[in-house]
Amino acid sequence: MKKSKFTKGLLASCAVLASAESALSSDWGSFEGVTIEAKLIGGQQYEGLYGRIADWEAATGAKVEIISKKSHFEIDREIKSDMAAGTTDWCIGSNHSSFAPQYEGLYVDLNDYVDASVIGGFVPGTITASTVGGDLLMLPRAQFDVSVLYYLKSNYEDAQKAEAFEAKLGYPLAVPQTWEQVKDQAIFFADPPNFYGTQYAGKDEAIVGRFYEMVVAEGGNFLDEDNRPIFNSDAGQRALQWFVDLYEAKAVPAGTTSYVWDDLGQGFASGTVALNLDWPGWAGFFNNPDSSKAAGNVGVAVQPMGSVTRTGWSGHHGFSVTDDCANKEAAASLVAFLTSEESQLAESAGGSLPTRTAVWEANIAKARAGDDPFRTEALEAFAEGAKYAFAVPPIPEWGESTNLVFPELQAAIVGDKTVEEALDDAAEAVDELMRESGYY
């Protein structure tokens with residue numbers, strides 16, 4: 001039997017722009033004397049939201065004790081340690097769509113505690129990615145990530161470049177709509193070692209995630225429905241060849257195989273990279289003259305197309321409720337509060353992307369009304385890009401599989417193996433992992 005849904009008919013009626021002080025205890029429930037223990041991700045971009053917890057406490061009579069606040073990788077290790085030790089009677093944990101499948105049996109199905117009308121207010125893709133084995137294991141907060149294309153506008157305002165490009169490539173120079181056009185333009189713009197056409201993260205999960213989304217854009221996938229690796233396909237070869245071609249043409253920095261996200265952000269901000277697929281958190285940094293030489297010259301466009309669709313590897317942060325929590329209704333109330341429209345308006349004001357449809361609309365309207373063309377352009381690009389978002393395969397072995405795949409991708413990029421050899425070797429290693437994990 002379904003448990004009581006405290007939110008039924010109540011949260012759905014909360015106005016998007018209502019003040020925190022207007023939240024009555026009847027909206028979130030009454031939990032006088034209850035203490036909720038939480039393990040939360042820490043960091044500057046995440047902290048602002050936690051200031052609102054005092055409003056929930058005032059509205060419900062409950063108290064929140066944050067018993068751990070660390071980076072997500074540290075929280076992940078701590079949670080897994082708790083699972084092994086059987087010490088999971090705390091109530092709320094920070095979660096992430098890429099990590100959620102690893103916590104089998106730890107968290108409740110929030111469909112049992114949160115009304116469907118409330119869940120319906122989230123961007124559908126984020127709810128799909130938060131659902132594992134039919135259970136909604138987390139509610140997404142306003143920390144959604146999908147990558148779109150940042151570019152230097154000056155390259156498209158130079159008549160001589162436009163003439164030379166069309167003469168060489170046979171089509172007009174414009175902001176690229178496909179990944180083939182990105183490759184063409186990146187090679188054309190490159191002038192190493194002073195200027196590069198593009199860049200990519202070249203190690204760890206970062207390169208595997210980028211490869212994965214390119215495979216999907218080419219019409220393939222990482223695993224089949226039985227979790228067998230299928231990325232050593234024609235689509236996979238086309239995807240990996242894209243990375244290889246750019247490296248061979250010296251259109252990317254020589255050190256790109258050791259780059260991760262901060263390297264890419266600093267690279268584009270240096271003004272020496274023409275095209276950059278990157279995350280939303282960098283938008284303000286790139287257009288801030290105090291942090292970026294590219295400021296005032298940054299354009300933002302939806303991510304390009306592969307042969308079949310656009311890239312869209314994505315993920316998002318959220319909050320989950322443990323099955324061992326003594327008061328799951330109170331914990332679910334807090335999770336719903338921290339991911340409500342009010343909370344997402346407050347959190348996304350710092351530049352992060354919301355996971356609620358109404359908040360997307362409100363943020364774009366505010367940017368337009370405030371005559372902020374760059375923020376409007378960025379939000380519109382990310383709103384369009386979010387339509388193509390997809391998560392990593394919902395299996396606990398995703399992280400382990402990336403450790404097997406990324407050295408093979410690197411080997412192909414630097415020329416130590418052919419594309420076909422690298423993908424076959426990577427697929428063989430992942431196949432062994434999937435067999436050992438009992439999938440087939």
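The values are calculated or read from the model by the stated rules, or taken from the named source; none is laboratory data. Here the structure is a predicted model, which means the values were calculated and not measured. Here Cβ is always computed from backbone atoms with ideal geometry, including for glycine, and neighbour counts include all displayed protein chains. Calculation scope for accessible area: heavy atoms of the full protein, side chains included, ligands and nucleic acids excluded. Shrake-Rupley method; radii C 1.70, N 1.55, O 1.52, S 1.80 Å.
Over 27 Å between Cα atoms, which of K69/K366; K153/K366; K183/K203 qualify? Exceeds cut-off: K69/K366. With only the Cα atoms considered, the range 254-322 has a convex hull volume of 162 Å³ per residue. Using the average count of surrounding beta-carbon atoms within 10 Å as a protection proxy, the listed peptides 103-116, 198-211 rank, highest first, as 198-211, 103-116.
In whole percents, the pair-distance distribution calculated for the chain from its alpha-carbon pairs, binned every 20 Å from zero, is 25, 53, 21, 1. Considering only P229, N297, P176, and ranking their Cα positions along the charge dipole of the range 168-301 that arises from unit charges at the beta-carbon of Lys, Arg, Asp and Glu, the one farthest toward the positive end is N297.
The relative contact order of the range 123-186 comes to 15 percent, based on Cα pairs under 8 Å that sit 6 or more residues apart. Per-residue extension of 0.36 nm, minus the Cα-Cα distance of D323 and R77, leaves a gain of 86.7 nm for this segment. Taking the Cα centre of the range 277-338 as origin and assigning +1 to Lys and Arg Cβ atoms and -1 to Asp and Glu Cβ atoms, the resulting dipole is close to 320 debye.
One chain, two ends: Q177 and Q44. Fully extended at 0.36 nm per residue, the span grows by 44.5 nm beyond their Cα-Cα distance. Partner aspartates and glutamates whose Cα lies under 12 Å from the Cα of K63, excluding those fewer than 8 positions away in the same chain, are identified as E32, E37, D55. Largest GNM mean-square fluctuation among E428, E65, E180, using the chain with Cα springs under 10 Å: E65.
Taking Lys and Arg as +1 and Asp and Glu as -1, the other residues whose beta-carbon sits under 10 Å from that of V132 total -3.
Note on Y156: accessible area is roughly 60 Å² with a 1.4 Å probe, heavy atoms of protein only. Apply the a/c threshold of 1.5 to the C-alpha gyration tensor of the range 375-417 and tell me whether it is rounded, prolate or oblate. It comes out oblate by the Cα gyration axes.
Hey, any idea what % of the chain's accessible area is carbon plus sulfur with a 1.4 Å probe?
The nonpolar share, carbon plus sulfur, comes to 49 percent.
Per residue, the chain exposes 41 Å² of solvent-accessible protein surface, assessed with a 1.4 angstrom probe and all protein chains in place.
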